[in-house]
1. With +1 on each Lys and Arg Cβ and -1 on each Asp and Glu Cβ, and nothing else charged, work out how big the dipole of region 32-168 is about its Cα centre, in Debye to the nearest 20.
2. Going from the alpha-carbon gyration tensor of region 94-170, what semi-axes, largest first and in whole Å, does one get by taking the root of 5 times each eigenvalue?
3. Once you've got the Cα coordinates, tell me which of Lys93/Lys146; Lys93/Lys162; Lys79/Lys115; Lys115/Lys166; Lys79/Lys162 are over 26 Å apart.
4. Given q = 0.10, 0.19 Å⁻¹, what are the Debye log10 I(q)/I(0) values for region 32-168, with equal point scatterers placed on the Cα positions and solvent ignored?
5. Note down the nm distance, to one decimal, between modelled labels 7 Å out along Cα→Cβ at Ser91 and at Thr58.
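Every number here is computed from the coordinates shown, using simple stated rules; none is lab data. Predicted model only: the values in this text are computed from it and were never measured. Here the Cβ positions follow ideal geometry from the backbone for every residue, glycine too, while neighbour counts run over all protein chains shown.
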Amino acid sequence: MKFFSIATALSFSLLSMTASAQEAQKSHAHPSSKHAHADSKEGHSSAMGQPGVAAQVTRTIEVDMNDAMRFTPSDIAVKKGETVKFIVKNSGKIKHEMVLGSARELQEHAAMMQKFPEMEHDDANQISVDPGKSGQIIWTFSKTGKFDFACLQPGHFEAGMKGRVKVATQ
């Protein structure tokens with residue numbers, strides 16, 4: 001009888017874990033494997049600013065991503081109020097991405113990507129780029145401070161594929 005109780009408890013535990021994992025996957029990825037926050041594209045804002053408007057771009061910065069798990073440049077300086085167009089080029093042979101965010105947001109999202117490696121992004125603060133291709137992010141930096149960016153493809157963040165944006169007063 002004791003064996004039956006343990007087996008029953010284990011069965012319920014496994015069913016609960018499976019249901020939780022399936023629900024988490026549904027809540028973090030659209031059926032097309034796209035990942036978008038509820039405040040995606042036009043409404044996405046963060047501690048560092050908000051999506052920019054192409055007609056208001058004040059500067060263009062080219063950023064290269066490579067298979068050595070590095071961004072070039074990895075340190076970027078901008079001024080508060082500046083709307084920057086990042087032209088993000090993947091010069092590697094594997095997929096990379098650039099995601100703007102706080103260190104905490106990037107760490108949490110990197111952990112999510114480990115669990116759901118096929119997840120694609122559709123937020124204004126990030127771009128996934130296939131090998132040999134380019135993409136862009138247009139962002140208005142409305143707050144001063146030090147902010148981060150990283151590649152959140154599984155293992156890339158952990159390998160050091162990170163950078164920093166320093167936003168200074170005008």
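1. 440
2. 22, 15, 11
3. Numbers: Lys93/Lys146 30 Å; Lys93/Lys162 18 Å; Lys79/Lys115 36 Å; Lys115/Lys166 31 Å; Lys79/Lys162 20 Å.
Result: Lys93/Lys146; Lys79/Lys115; Lys115/Lys166 exceed 26 Å.
4. So the normalised log intensities work out to -0.28, -1.11.
5. Going by the 7 Å Cα→Cβ label model, 2.9 nm.
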